[in-house]
Amino acid sequence: MEQEPYDLVVVANRLPLAAETDETGEVRWVRSPGGLVSSLEPALRLKRAVWVGWSGRAASDDDVDVPVPESLGPCALREVPLTARQIELYYEGFANDGLWPLYHDALRESTYSSEQWDAYVAVNERFAATLADIAPPDAIVWIHDYQLQLVPKMLRDQRSDVTIGFFLHIPFPPYELFSRLPWRTEVVDGLLGCDLVGFQRPKDASNFIAAAVELLGVDTDDDTIEYANHPIHVGTFPISIDVRDVEETAAGRATRQRMSQIRARLGDPEVILLGVDRLDYTKGIGLRLKAFAALLESGQLDPERHVLVQVATPTREAVEHYQDERHQVEQLVGAINGRYSRIGLPVVHYLYQTLPFDELIALYRAGDVMLVTPFRDGMNLVAKEYAASHIDGDGVLVLSEFAGAADELTDAVLVNPHDDHALQQAIVTAVEMHRHKRRSRMAGLRDQIHKSDVQGWAHRFLSQLAAGSPASSSD
Ligand code: ADQ
């Protein structure tokens, strides 16, 4: 057994980096974008930590012969290699085509296949074996997200000395949906290997407790489950962002210059509407585009005065539902531009790209109205990043009630995105909002995000995990 004196062992499906090939064909590793990475990296700066995860490349991928670096900043890295077949079955299959849609209101039909499930079990075993191998005695191990729900029990069976926490970044569905999963009992049993299980919203926590009662007949006392002579605390820990980092970038001269340049490039419109999402069918990009088109058609928005910038990050391109979603979004963009654009001035600016952090912040600053309209979202960090970027105190956030962020960001224009009239009305309300009201609501949003940043989130989770005290869903 090879053990280093880490204060914290973090495990997630992905390591916080990705392989990038430049124009000369040279491969290098860069910090990767995405919710989990953005959230955890600042917290890790404060700890002696090791991050265990998959690199994003297949084990036999000879395009990428540059080994994964041993560390990223202060955080050590440990790769769990996966084969191309495991990636197809465990990651694209069971996790992203089975669990992801089921956990997001069954917005798409899930695939349930025994072959995929077997790969999910095998990969979870592999992660658990790596953790059992590297975790120092009495270590704190923090496991992340739906790809690794079986790891807690597998690890506990091998290492009874370690303290195990799990955080689910996406919603936990109500039992009526969850019970569709053929391996529902195994998944709940896997999670009950934890000392602390954390969720984004109180409803996710209560859905999980209800599933444990229903499937395993566990005893519960408030937020604690008693199972196999072992208490499991269940709590709510709404995730946040590195507010200071976003604010500092937003305040920089380069960002201000870039923001002015972006406005000029867009033809200096009166109002820039903005959407920034992974191109995922949960994010409601299509509905948002349709609402924008309907408002242009009715004349409530004017292509000479209002433009929409939609940034859509490439994601899970091997999964069919994602290919369909991209196709639909791009068709809509083409149709709207065909009808309402002028030469040299498209009304929808669509970027199917991953952008550097600075560029994203400049875009947030340039955006007068931010549209965050998911059908279902664990939290949604984009909404919080937008508010943090608006150090000028202006800007309006339109936010779906079905994003976890809606619990906290009550000064947004909250909307039910399933209701097309309500969505159109919310956009009009945001576009026409008086400056005084905009500033007062943005002040409310910014107060809220200052109250809880990502460092606070990680601290709260880790201190409750270390203390072994019941997590409270009210604080
Ligand atoms: P995601 O579904 O990925 O995260 P989100 O919370 O919005 O969604 O995070 C996306 C992150 O990626 C943001 O930090 C954003 O800045 C970044 N990003 C988006 N588009 C980008 C682009 N084109 N270029 C560069 N960066 C881009 C999951 C859950 C969420 C939950 C998070 C964290 O689905 O509900 O909030 O985890 O728990």
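Taking interchain pairs and intrachain pairs at least six residues apart, which have beta carbon atoms under 7 angstrom, with the first residue in region 239-252 and among the aromatic types (Phe, Trp, Tyr) and open to solvent by 50 Å² or more (accessible area, probe 1.4 Å) and the second at pLDDT 95 or above and part of a loop (DSSP other than H, G, I, E, B)?
none
In region 139-155, is there at least one residue being under 13 Å from residue 99 (Cβ atoms) and more than 16 Å from the ligand (Cβ to nearest atom)?
Yes, there is a match, as at least one residue in region 139-155 is under 13 Å from residue 99 (Cβ atoms) and more than 16 Å from the ligand (Cβ to nearest atom).
Return the residue satisfying two criteria in turn: it lies in region 311-358 and is open to solvent by 60 Å² or more (accessible area, probe 1.4 Å) and either small (Gly, Ala, Ser) or over 25 Å from the mean Cα position of the chain (by Cα) (or both), and of such residues it is farthest from residue 273 (Cα to Cα). Talk me through it step by step, then tell me what you get.
If we filter region 311-358 for residues that are open to solvent by 60 Å² or more (accessible area, probe 1.4 Å), which is where we start, we get 317-318, 320, 323-324, 326-328, 330-331, 335, 338-339, 342-344, 353-354, 356-358.
Adding the requirement that they be either small (Gly, Ala, Ser) or over 25 Å from the mean Cα position of the chain (by Cα) (or both) leaves 318, 331, 335, 338-339, 342-344.
Values: 318: 30, 331: 19, 335: 18, 338: 19, 339: 18, 342: 18, 343: 20, 344: 18 Å.
Once the filter is applied, the top-ranked residue is 318.
For region 135-253, give me every one of the strands (runs of 3 or more DSSP E) that falls completely inside it and has 3 or more residues that are at pLDDT 95 or above.
The qualifying strands (runs of 3 or more DSSP E) are 140-144, 163-167, 196-199, 224-227, 230-236.
Quick one: in region 201-236, of everything that is closer than 20 Å to residue 102 by Cβ and of a type in the set (D, E, K, R), which residue is least open to solvent (accessible area, probe 1.4 Å)?
Step by step, filter region 201-236, then rank; the result is 204.
Out of everything in region 378-413 that is open to solvent by 20 Å² or more (accessible area, probe 1.4 Å) and over 19 Å from residue 255 (Cβ atoms), what residue ends up being nearest to the chain's Cα centre (by Cα)?
Checking each candidate, the answer is 402.
Sort out which residues of region 440-459 are in a helix (DSSP H, G or I) and either touching a Cys at 6+ places or on another chain (Cβ under 7 Å) or buried (at least 16 other Cβ atoms within 10 Å of the Cβ) (or both), and write them in order of number. Show your work before the answer.
In the first step, residues of region 440-459 are kept if they are in a helix (DSSP H, G or I); the result is 440-451, 454-459.
Across region 440-459, the qualifying residues are 441, 442, 445, 446, 448, 449, 454, 455, 457, 458.
Applying the selection to region 164-207, what residues are more than 16 Å from the ligand (Cβ to nearest atom) and hydrophobic (A, V, I, L, M, F, W, C)?
Hits for region 164-207 are 164, 177, 178, 181, 183, 187, 188, 191, 192, 194, 196.
Restricted to region 314-363, and to residues that are of a type in the set (Val, Ile, Thr), touching a residue at least 40 places away in the same chain (Cβ under 8 Å) and assigned to a loop (DSSP other than H, G, I, E, B), which residue is farthest from residue 397 (Cα to Cα)?
319
Could you list all residues from region 274-313 that are farther than 17 Å from residue 352 by Cβ, of a type in the set (A, V, I, L, M, F, W, C) and either within 16 Å of the ligand (Cβ to nearest atom) or in a loop (DSSP other than H, G, I, E, B) (or both)?
Within region 274-313, just 301 meets the criteria.
Could you please let me know if residue 387 is small (Gly, Ala, Ser) and more than 16 Å from the ligand (Cβ to nearest atom)?
no
For region 344-357, which residues satisfy the criterion of being more than 9 Å from the ligand (Cβ to nearest atom) and at pLDDT below 95?
Correct list: 344, 345.
The values are calculated or read from the model by the stated rules, or taken from the named source; none is laboratory data. Keep in mind the model is a prediction, meaning the values are calculated, not measured. We place every Cβ from the backbone using ideal geometry, glycine too, and count neighbours over all the protein chains shown. These accessible areas exclude ligands, DNA and RNA; they are computed on the full protein's heavy atoms, side chains included. Shrake-Rupley method; radii C 1.70, N 1.55, O 1.52, S 1.80 Å.
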